[in-house]
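For reference, the structure discussed in these notes is given below.
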Amino acid sequence: MRIRRFTTTLVAGVLTIGLAGCTGAPDREDEARDIRDRVAAMPGVTDADLVYENDIWAGTRFELRVDMDTATDEQIGAVADEIDHKRGDEFADFDQRAEINVARWTTLAGGERLPDDAARIAAQLRRLRADVQADTIRYGAGTDGSSVRVDGATATSEAVDAVLQVFTDPPDTIEVAPDEGADAPFWAVRSRMSIADKQRIDGQLAALAPAQPGYVTVLDGRVVHLTMGVTSPAAAYQEIAHAVRALDARRGEPVDLSWAAGPAGTKGPRWAGSAEIGGCDHGSHMGELLPDAQALQQRIRDEFGSC
C-alpha cells in the first residue's frame with residue numbers, strides 16, 4: 001500500500017507545496033490517503049497503490065490501483081462502490097483513474113466513476129480471461145462509453161467472438177491486437193456490434209482468400225477500413241476486385257481499402273496502394289510506390305471509386 005508523489009529533491013518539494021495552488025485544484029491529499037486506506041482494509045484486497053499529484057510540474061492526478069485477483073465478484077463490486085462513494089466530487093479538478101485487477105493481467109478501469117455493476121463485469125472479465133489466450137485484457141468505462149481491449153491474442157477473430165458472447169451488455173468499442181508473430185488481423189470495432197454482424201463480416205473476410213486481412217475496422221456493423229496483403233503483384237487486381245465484391249462496398253457505404261505485397265518494413269519504394277472504394281476521399285498513400293503499384297492504385301480508384 002503506497003502513495004507516490006513525484007518530487008525529485010527537497011527544493012522541488014518545497015516549490016511544489018508553495019505553488020500547488022497555481023493548479024487551481026484544492027489540496028485533497030488527506031482525502032486520497034483516506035480512500036486508499038479504507039479500500040486497502042476491505043475484504044478481498046491484497047494491495048492498493050495510490051498516485052496523488054497536485055503541483056504545477058506534474059499537474060493534478062488521482063489514481064488508485066487495487067489488486068483483487070483472488071477476491072469474489074461481490075467483493076470487487078463492494079470495493080468499486082466504496083471508491084466512487086468516498087471520492088464523490090472531491091476530485092473533480094483532477095485527472096482521475098481507478099483500476100481493479102480482477103485476474104492475472106486482467107483489469108477493470110474507470111475515470112471519474114467505475115461501472116455501477118462492477119461485480120457482474122468482473123465475473124464476465126474472468127470468464128473472458130478463461131476463454132481467451134492473450135497477454136492483457138482491459139475493460140474501461142467512461143463518459144464516452146465502455147470498451148474492451150485485448151492485447152497479445154493468438155486468435156484475434158475468436159477473441160472478438162468471445163467478447164460478444166461473454167458480455168451480456170456488449171461494450172461500445174472492442175480492440176483486439178494479435179500476439180507478435182501471430183498470423184491474425186488487428187480488430188478495431190468502433191461501435192456496438194451484434195453476433196450476427198460479426199458472423200457476416202467473418203464470411204466477408206474468409207472470401208478474401210488467398211489474400212489476408214491485416215487490420216479490420218468495423219463501424220455500425222460493417223467493415224469501413226481494411227488493410228490486406230495480396231499474394232503477388234500479378235494477382236493483385238483480381239484479389240482486390242474480389243475484396244470489393246466481398247465487402248459490398250459502394251457509394252453511400254464506402255470502404256477504405258489498403259493493400260500491399262511484401263513486408264511493410266521494406267525500404268525504398270513499395271508495392272502497395274490504397275483507395276476509398278465507393279467514395280472519392282482517397283487521401284495519399286504513405287511512402288513512395290513502385291511505378292506499377294502506382295498504376296494499379298490509380299486503376300482501382302478510377303474503377304471502384306466515385307470521383
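Taken together, the values in this text are just the output of simple stated rules run on the coordinates, not laboratory data. All values derive from a computational prediction rather than experimental measurement. Every residue, glycine as well, gets a Cβ built from its backbone with ideal geometry; the counts of neighbours run over all protein chains shown.
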Roughly how many nanometres apart are two label points built 7 Å out from the Cα toward the Cβ at residue 290 and residue 130?
-> 5.1 nm
Report, in deg cm²/dmol and to the nearest 500, the calculated mean residue ellipticity at 222 nm for the chain, where each DSSP H run with n ≥ 4 adds -39500 (n - 2.57) and the sum is divided by the residue count.
-> -10500 deg cm²/dmol
Fewest Cβ neighbours within 10 Å first, please rank 281, 84 accordingly.
-> 281, 84
To the nearest 0.05, the calculated FRET efficiency linking residue 93 and residue 219 through their beta-carbon distance, R0 being 30 Å, is 0.30
Amide H proximity to residue 107 below 5 Å, modelled H, separation 5+ or other chain, gives 102, 137, 138, 139
Only Lys, Arg, Asp and Glu count, each charged at its Cβ (+1, +1, -1, -1), so figure out the dipole size of the chain about its Cα centre, rounded to 20 debye.
-> 700 debye
Rank the residues 85, 282 as a footprinting-exposure proxy: fewest other Cβ atoms within 10 Å of their Cβ go first.
-> 85, 282
Taking placed amide H atoms and a strict 5 Å upper bound, the residues 5 or more places from residue 153 or on another chain that come that close are 135, 177, 179
Taking H placed 1.01 Å from N in the peptide plane, check which residues at least 5 places from residue 273 or on another chain put their amide H under 5 Å from its amide H.
-> 259
Note, residue 273: beta-carbon cut-off 14 Å, +1 each Lys/Arg, -1 each Asp/Glu, net -4
When the chain is fully extended, how far beyond the present Cα-Cα distance does residue 69 get from residue 82, taking 0.36 nm per residue of separation?
-> 2.9 nm
Calculated Rg/Rh (Cα atoms, Kirkwood Rh) (choose from (i) 0.93; (ii) 1.09; (iii) 0.97), label | (ii)
